[in-house]
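A short write-up of the structure that comes next.
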Amino acid sequence: MLKKKTQTKEILNTKLLINLDILKERFSFGLNNDFSIRLITAKFNKHELCLAYYASLVNSDKIEQTIIQPLLEQEGDSLFDVITAESITKIKELEELDDHINNGKVVLIIDGESFGYSIDVAQFQHRDISQSENESVVRGPKESFTESLHVNISLIRKQIRNRELITEVQKVGKRSKQDVQLMYLNSVVNDQLLDEIRSKLTQLDVDNVQNIELLEQFIEERPYSIFPTILYTERPDNAATYIDKGHVVLLMDSSAACLILPITFWAFIHNVEDRYSRFLYGNFTRLIRFIALFFTSMISSLYVALSNFHSEMIPPDLLFAVTAARERVPFPLIIEVLIMEIAFELIREAGIRIPNPLGPTIGIVGALILGQAAVEANIISPIIVIVSALSGLTSFAISDPSFNFTVRITRFIFIISAGFFGMFSLMIAFTLWFMYGASLKSFGVPYFAPLSPTYKSNSDTYFRKAIKKEKWRPGYLLPKDLQSSRTFERGKTK
Amino acid sequence: MKTISLSGLLILFILIGCEDMVEVDRQSYVIAVGIDVTDQDGIYAFTYQIANPEAGSTLAGIGAEQIPDETITVFGTDIMTATNTANSFVTKQIILDQTRVLIVSEALARSDQFLRIMQSTARTTEIRRSIQIIVSKENASDFINNNSPVLEQRPHKYYQYMLSRAKETGIIPDADLHRFFQITEGDADLFLGIYATTTYDPKELDGSEDEFVAGQVPKEGGNVTQFMGSAVFKEGIMIDRLTGEETRICNILDKTMNINEMLANYPDPLAPEYQVATDVFQTDNPKVNLNYDSEMNHATIDVTVPFEVKILAIPSLIHYSQNEDFKRTLRDAIEQYITDATDELIKKSQEAYRSDPFYWSIYIRRHFKDIPAYEEGDWHKNIYPNADITVNYQLKRLHFGKMLDDTKLDEVRD
């Protein structure tokens, strides 16, 4: 970094011919088919000038109508009077020139001037806004981010009409410079947090960070951790909710999602719809989801622990059913459980990779037929099919893809640990797992906050409060403005 | 270093792994254990009733006809080692985890060997403390072999339903292993075991429904096994047996026992040749008020038992519901009847047993400074047999059911 600053910066020449040579060399003109240079003589001052741009990144109609046509036909005192495009900036350094051309701008260089003009005519291709597929809701906005930064910012700004909503640009990547947009509420967000994120981004020493999915892995604190510490969401309304609370949202071009940080454990269990549904309905869903979390991580391992080590804990009817089912099965019980769990994971992975939209259907049908046949052939017992189907099915209730992996890997850890000493080792494994989770921090925020350690907040952990009673921003973010609603208090004083 | 410690950890896991693990299908689950005396001292006959898990299973590949259980008898000195002997002809490891009942023959229960053999059950972790102790009139092995329920063929279901229903009606006590040790070690009170038999010895009918011990209940059809009444244990030795009615009274007076409902007949006070059918239920625990005079080592016990009665049938067709005098007579008669029966039982316990089956010693313990003082006071020998006991039944409410009036006999037969 220091080395570069001491280097003298290369700048543009006053002679157009020299500048043309520089351009042609820098952008491999002729070899790089995409790079275009157009020479014109301007009508207003009779000077020669050139336009340099990437043909694939710009809107050619716009170049013709707002630049070329006026230059050829219009009279005027200066360039600014002639060109009708909405934004023009002066650039001097060659590095700047690279940047602007790479970002889809037209650079205009006039003979006799030692600087160029950059005109924004960029048109990056992207998908239309579509429905959110991975985080679908019944009640609530359906739109999701798309692979265009501008569209994504506008989707968020649509929901927060506030001049304090800042979109700050940070560049990442040494060779390919990509924009990372930080979005936050200036009057709420904690400055130290912002500085930490900024420094993490500027310190990145990599050639290219293509998208947000890779950026997440570059900036997270513990890459080997089983728990995710950054929330990845494709819903603009979700992002807006978190911005309102004082979180920071990271956006990048060519990612149909955003990153939200810092984040706690609860964000992975919660779903936006919990807030969109009425108090009771939302909390009912939460209850179901926590039951699902318990089942998906524990039920197979509990089955292993109880039936292999503590058969006295199983009521006789169930025990005899398990025993009768197991009498003709060749494998030990724990192998049987692992077979079915791995089979389920295989079907799941195959289901994702099978071309749309038949995938899940074929997967489930495959599972049923496979399970049925395996049971009839006495390879596995029917109880296992129930157990693994239950644990597999409930895993879908954990909608966050990262946390879903956490839970699924955890399940295998628990099954194997239950195989050692039964409930005893299962509880040891669970305690260690939980202790590790509690020790984590996401950008300085304890993972299980505000449950432990406690902070002033809406205590939106297991269950949420009625919307009217939510009057705090989460205290663990140390926001500049802790109180988010004053209506409730006013109502009280009256 | 890291790899070494990691692989060390892994090896550790593999070496210790799966210790204690038993596959469910490699165990034989014993539902009932029977213990009998043999001709030799210190050698007992242990009978194990082993459940067949495949009985009643609808899984494909299992034959339709599966016998529900297998009963075996082996000889040994204690329950645990006898299971090992049994493995010479039982294919799987014999497990007592799921055992529901411990059946002891009356002969063994009455001998002083009983407490010795019971000790091992307290020591092992395998036997649950909630096992019910059943005293059978005949040999325990005969009891298990003769017991052939038709509806609940699977033995664990049979014992579960049979005991829980009989307990709800109060004709047998709650007699788990834990209570046995609690009372026996407490050196006060009498432990009541469940009394049952498969031998049929019907008693003459006299209209009452619960003045029987097991085996005496007249019946036709059904299983030969009867659970009725209780075996009285004093200091770990059986001394007597109580009828179903006496057991009910014990259950009513003991606040550690619960009766959900008990259907009982009482002589009709206005037409003694008939009986009044009632459903007696206890809404509150009995209030035991115990006053202890430490100088005289003498206790006065006042017991108030609130209860309610639902009239189920009045075959005499007397209009008790409409006439206040009749109603009062009925109330008094029911109270009197129960009080008489209770007094009789208390008298028997004070004079013959010289201890109480109601677990009342818990009320006197707080009057003593420490355990030696309590032991010196001696509930068994001194306090209880000489205590002044009054039991007061309070019939709080009399329900007459859906229909107040019975059929008017003279109008029907005119």
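General remarks:
- If you go through region B:299-338 and pick out every residue that is over 19 Å from B:THR283 (Cβ atoms) and touching a His at 6+ places or on another chain (Cβ under 8 Å), you end up with 1.
- Only one of the listed residues (A:GLY173, A:GLY116) is under 28 Å from A:LEU51 (Cα atoms) and in the same structural domain as A:SER56 (by TED's automatic domain parsing). That residue is A:GLY116.
- Screening region B:123-158 for residues that are of a type in the set (S, T, N, Q) and under 17 Å from the mean Cα position of the chain (by Cα) and picking the one that is farthest from the other protein chains (Cβ to nearest Cβ) gives B:SER136.
- Some residue of region B:24-33 being surrounded by 13 or more Cβ atoms within 10 Å (Cβ to Cβ), more than 14 Å from chain A (Cβ to nearest Cβ), modelled with pLDDT of 85 or more and out of contact with any Phe, Trp or Tyr (no Cβ under 9 Å at 6 or more places or on another chain): no
- Exactly one residue out of A:LEU319, A:LEU293, A:LEU346, A:LEU338 is under 30 Å from A:PRO453 (Cβ atoms) and of a type in the set (A, V, I, L, M), and it is A:LEU293.
- Selection status of A:THR323, within 36 Å of the chain's Cα centre (by Cα), at pLDDT below 95, among the hydroxyl-bearing types (Ser, Thr, Tyr) and on the phi < 0 side of the Ramachandran plot: no
- Inside region A:303-333, residues that are out of contact with any Ser or Thr (no Cβ under 8 Å at 6 or more places or on another chain), part of a helix (DSSP H, G or I) and within 8 Å of another protein chain (Cβ to nearest Cβ) make up a count of 8.
- Failed criterion for A:LEU338 (all others in (1) without any contact (Cβ under 8 Å) to a residue 60 or more places away in the chain; (2) hydrophobic (A, V, I, L, M, F, W, C); (3) part of a helix (DSSP H, G or I) hold): (1)
- Any chance A:ILE288 is closer than 23 Å to A:PHE463 by Cα, of a type in the set (Val, Ile, Thr) and within 11 Å of the chain's Cα centre (by Cα): no
- Enumerated strands (runs of 3 or more DSSP E) restricted to region B:223-287, each holding at least 2 residues that are without any contact (Cβ under 8 Å) to a residue 60 or more places away in the chain and farther than 30 Å from B:HIS319 by Cα: B:226-234
For every residue, the table says whether it meets (1) touching a Lys or Arg at 6+ places or on another chain (Cβ under 8 Å); (2) assigned to a helix (DSSP H, G or I).
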| position | (1), (2) |
| --- | --- |
| B:PHE307 | yes, no |
| B:PRO315 | no, no |
| B:ILE318 | no, no |
| B:GLU335 | no, yes |
| B:LYS348 | no, yes |
| B:ALA352 | no, yes |
| B:ASP405 | no, no |
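- Out of B:THR81, B:THR73, B:THR91, sole residue that is in contact with a Ser or Thr (Cβ under 8 Å, 6 or more places away or on another chain), more than 19 Å from B:GLN160 (Cα to Cα), away from chain A (no Cβ under 11 Å) and not in a strand (DSSP E or B): B:THR91
- If the condition is being polar (S, T, N, Q) and touching a Ser or Thr at 6+ places or on another chain (Cβ under 8 Å), then region B:25-54 contributes B:GLN27, B:SER28, B:THR47, B:GLN49.
- Inter-residue pairs, beta-carbon under 8 Å, first more than 17 Å from B:GLN93 (Cα to Cα) and in region A:306-322, second of a type in the set (Gly, Ala, Ser) and assigned to a helix (DSSP H, G or I), 6+ apart: A:ILE314/A:SER307
- Test result for A:ALA377, away from chain B (no Cβ under 13 Å) and more than 29 Å from A:ALA267 (Cα to Cα): no
The values are calculated or read from the model by the stated rules, or taken from the named source; none is laboratory data. Predicted, not measured: the structure shown is a model, and the values here were computed from it. Don't worry about glycine lacking a Cβ; one is built from the backbone with ideal geometry, like all the others, and counts go over all protein chains shown.
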